[in-house]
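Notes follow once the structure below has been shown.
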Amino acid sequence: MDNDRRKIELMNSLLMSFPGTPIIYYGDEIGMGDNIYLGDRNGVRTPMQWSPDRNGGFSRADPARLYAPVIMDPVYGYEAVNVEAQSRSVSSLLSWTKRLIAVRKSTLAFGRGSMAFVRPSNRAVLAYVRQHDGEVILCVANLSRAAQAAELDLSAWKGRIPIELLGRTEFPAIGEHPYTITLSPYGFFWFKLVERPASQDERTTTQEVETLVIPSGATWDSLGRTRGVFDHEVLPAYLSRMRWFEGHGQHGINAAIAAIVPFADHSDNTAVPWLAIVDTHNPQAGRYLIPMQIDWTKFDRERFNPHALAAVRQGSREGTLLDVSTSPAFVSLLLDNMRNGASTEAFDYRLEFSATGPLEAQSREAPWTIWQIDAGHASTTLQVDDKYIVKLQRRLEIGVDPGIEIGSFLTGVAGFAHTPALLGTVKFVQGGQRTAVASVHAFVQNQGNAWAVTVAYLDRFIDEQNLPGNEPSTRSSDEKASYQRYMELAGRRLAEMQMALASRDDIEDFRPVQATMDDVRHLIENATSLAERTFARLRSECARLPDTDHALAAEVIDAAPAALACLRRLLPGSCDWMNIRHHGDLHLAQILVVKDDISIINLEGNPNLPLEDRRQKAPAARDVATMIRSIDYSVEATFERTRKVRADDPVKLRAMLDAWRTRSIATFIDAYRASLKDARLWPDDPNARDRMVRFFQIEKALQEIDHELTHRPDWARLPMLALLRLIDDKRYAV
């Protein structure tokens, strides 16, 4: 291999992924090399290089008495290549080889599975599939010293999602067209091809849609039969595959257009987008928004377009009716209308655009670049260049949007600098009532959200703790200190945000309110009602969980009386705190890492709750509890992911992660309490404070169980384990 690390890794990947039992000759795992001058097999029988000590740590004997001399080559010799040095580096060949072996041992497909070659036209790329008992592993290797691209025929596994096994990274789903893979020189991938969860199903086959006939000059009122086809055929099919629709993935959707409002004034109503207001009645009642426009390009039935609603015909003219929410032209028009304070009217609706901050004009020569960064939780969120974040509300609710309201208050009134500035809004007005349609915030340059930073750090933390000589209790690194600083900042900024939200007694919507026993009863009633619904759902949907989680689900169901009793007794009897406006859904993914600081985003609260519930004042402890739950969740997710792909001792792994969790939560809480200068926001009694935090942690764990049952049943075990720990007095710790 000429000491080329890339070649060594490639050849080991082939060795480990081919059928049969792989054999590694001692020294290969560190790249020791052979003494080719000894001849025959003596060249590979040289002493193992354990350390840089005498004879490579192999023997204390006189070097002349050894059967074969140690390798003293300046490149391959024991002083340059040895186990001791590589054991102390997570990026060494030895550490990499351990990870590769652990991944191989995580599945039986490598050792016992069948093998079939996939033959790409690029002969430099080797691709083959290992299968065993329903498990499918795709291996792709670049045998060239140059970067290569290859198209693989994976149509037999259409709809599956490739997950790269060494890093657990999810790749785009396989469609009916050849799957394109790019590889670095001597690069390789091991993919596990997993079935797409039902909640994420998107059709990748030939798209069959209705054709809407729209005569020239027609209005929505005059489209009798076409309206019926749109309501009964087009809308149910489209809504069922949209994640922002509450009943996505379900059948029997009853929906109808309530109104269509033009997005701008124009004589030709097909030349501008319209905002379609859709009412649904079954399976869930609600009002939704779809920005639509006709693209006069013939509908392509052979290529799936996730934004297409229907084909359109107008005489000999053919086109496609599109959801244009992610279209650069639509976003540019939205920003222009905000900048100009525009308004349009139709169907007793008035659409109002307003700018609350600086919005740059778009250059025709350099149009906006749009990225969709979230398409769930009742909204669609877009990034516009490195300037703006546009949030389009999909589920419409009459009333004041808390994200707009709190964002405007924090940055415009309270002067809180650690959340993105609100720059503009779009609202429907009907009969004096307002409904938020969209908002624009300033984009904050960042290094990712705290969830991604935490997961990446925990992977490195585990690797470091497994190195010889590193004790979890004593090891300290700059990276660990840096991460704990982010935890400290999170606690400090949360305290500052809550004090800002409680700083204006003269503004009714933000004035702190003294808690009463009625408030306590209301919190308990809501939490116990949530618990009863969650336990009932767990009983009815237990079969959706993986077989290995059925016993855990039964244990959680049996613990229902204990959970209800815990909720009824935890809140303190004396109400010596104030209820304030709060974030309502604070977790690691809602915190951006910004240089040496953080920024808190998405202030609209829990999107699963009604608008008015999200605007209710509550104890400051709720945001503290949801952050603690998020830290705990990151630990449990890391444990589950690691134990599936590594040969680590699970008891040791659990101990390391528990120690990390305890320290991180303590850092967060200590910084929060040290920074919270407003004594009105917490009970005086420390025991009462801890009980409140525990109460809201149980509430959040119940919400997480319900969420995972809907979206990721195989993750439901994480909040179930947390719930059992939270309701057990002996196991619970803040």
| task | Would you mind calculating the relative contact order of the chain from Cα pairs under 8 angstrom and at least 6 residues apart, reporting the percent as a whole number? | result | 9 percent
| remark: From most to least accessible, 1.4 Å probe, no ligand or DNA/RNA atoms counted, 732, 349 line up as 732, 349
| Positive-pole candidate from 138, 579, 116, dipole of the chain, charges at beta carbon | 116
| So what are the ³J(HN,Hα) numbers for the stretch 109-125, from phi and the Karplus equation (6.51, -1.76, 1.60; θ = phi - 60°), rounded to whole Hz, Gly and Pro as x? | 4, 5, x, 10, x, 6, 9, 9, 8, 9, 10, x, 5, 7, 6, 7, 10
| task | Just check the stretch 608-734 against the gyration tensor rule for me: Cα atoms, a ≥ b ≥ c as the square roots of the eigenvalues, rounded for a/c under 1.5, and otherwise prolate or oblate depending on whether a/b exceeds b/c. | result | oblate
| task | Excluding residues fewer than 8 places away in the same chain, name every one of the lysines whose C-alpha is closer than 22 Å to that of residue 595. | result | 387, 480
| Any idea of residue 103's accessible area? Nearest 10 Å², probe 1.4 Å. | 10 Å²
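Over the stretch 38-161, what is the mean sequence separation of C-alpha contacts under 8 Å (at least six apart), divided by residue count, expressed as relative contact order in percent?
Dividing the mean separation by the residue count of the stretch 38-161 yields 14 percent.
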| Calculated from backbone phi, Karplus (6.51, -1.76, 1.60) coupling profile of the stretch 568-573 in Hz, x at Gly/Pro | 6, 10, 6, 5, x, x
| Could you name the lysines in cross-link range of residue 700, using Cα to Cα under 27 Å and dropping any fewer than eight places away on the same chain? | 391, 617, 644, 677, 730
| task | Might you tell me the accessible area per residue for the chain, computed with a 1.4 Å probe and given in Å²? | result | 46 Å²
| field | Ranking by accessible area, most exposed first, for 171, 535 with a 1.4 Å probe | value | 171, 535
| field | Cross-link reach list, aspartates and glutamates versus residue 192, counting only Cα pairs under 14 Å and skipping chain neighbours closer than eight places | value | 133, 135, 164, 170
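Can you tell me the alpha carbon radius of gyration of the chain divided by the globular rule-of-thumb value 2.2 N^0.38 Å?
1.10
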| message | Contact order normalised by length for the stretch 1-83, with contacts defined as Cα pairs under 8 Å and 6 or more residues apart; what percent is it? | response | 25 percent
| message | At 1.4 Å probe size, with the rest of the protein present, what percent of the exposed accessible area of the chain is carbon and sulfur atoms? | response | 50 percent
| task | Sum -39500 (n - 2.57) across every DSSP H segment of at least 4 residues in the chain, then divide by the residue count to get the 222 nm mean residue ellipticity, nearest 500. | result | -10500 deg cm²/dmol
| said: Can you compute the equivalent ellipsoid semi-axes for the stretch 403-559, i.e. the square root of 5 times each eigenvalue of the Cα gyration tensor, sorted largest first and rounded to whole Å? | reply: 37, 31, 19
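The values are calculated or read from the model by the stated rules, or taken from the named source; none is laboratory data. In this text the structure is predicted, and so the values were computed from the model without any measurement. No Cβ is skipped: glycine too gets one built from the backbone with ideal geometry, and neighbour counts run over all protein chains shown. Each accessible area value is taken on the protein alone, full model and side chains, heavy atoms only, with ligands, DNA and RNA left out. Shrake-Rupley method; radii C 1.70, N 1.55, O 1.52, S 1.80 Å.
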